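Novice: Below is one structure. I have some questions about it.
Values quoted throughout were computed directly from the atomic coordinates according to the rules given, and no laboratory measurement underlies them. Here the structure is a predicted model, which means the values were calculated and not measured.
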Amino acid sequence: MRLVTPALLTLGFSLAAAPLPAAGQGMSLQEVILRTKPATVLVVSEITSEVTVNCGDGVQKVTPGPFRETGTGWFIDSNGWIVTNGHVVQPAHELPPWVANDQAQKGIVQACVWNVLARQNFSPGQRPDLEESMKRAAFARALPGAKVDLKPSIFILAANGFRLPAKVAKYSPPVAGGA
């Protein structure tokens, strides 16, 4: 059982970041909110990264797929305030240490395993036995020296397709509960 704890977001709104109407005119925040009907939005907490690894043949930088946490949010007034659950924004708001390790591992697989498999004319998943042994060797060699540059962000996706940046204004961390 997970107890609900709130997070209050405000849109980091700028007219330059907002989609423009066909005529190219700017919109106010209230116009954007009116166009996002219904008031329910998807809140996305995303952590992208750039991973620098040495697979044994030189240093390379890769950009693994991002970590994402998603949840529902609701506009609660016309000033752009949105409420959502604390666990939705927690990864981008508090950057848990395990995310850096997860992104490092994804970067090592991308740089040290998939690239080597491609050079041997194999695609990922084609030789699971070879891929698994390559992962273990690559982790042992590259993980201790991997450098991870994390870039957290929070944004909302409205039903009409608008994607707007948001930031945490008030936050209560999730409360662990027993079942």
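Novice: Working only with C-alpha atoms, what are the Rg and Dmax values of region 53-143, expressed in angstrom?
Specialist: Every Cα atom of region 53-143 included, Rg and Dmax give 18.6, 57 Å.
Novice: HN-Hα J couplings of region 124-140 from phi, Karplus 6.51/-1.76/1.60, θ = phi - 60°, integer Hz, Gly and Pro as x?
Specialist: Coupling constants for region 124-140: x, x, 6, 10, x, 5, 5, 4, 5, 5, 5, 4, 4, 5, 5, 4, 4 Hz.
Novice: For region 109-161, state the semi-axes of the equivalent ellipsoid (square roots of 5 times the eigenvalues of the alpha-carbon gyration tensor), sorted largest first and rounded to whole angstrom.
Specialist: Each semi-axis is the square root of five times an eigenvalue, giving 31, 18, 9 Å.
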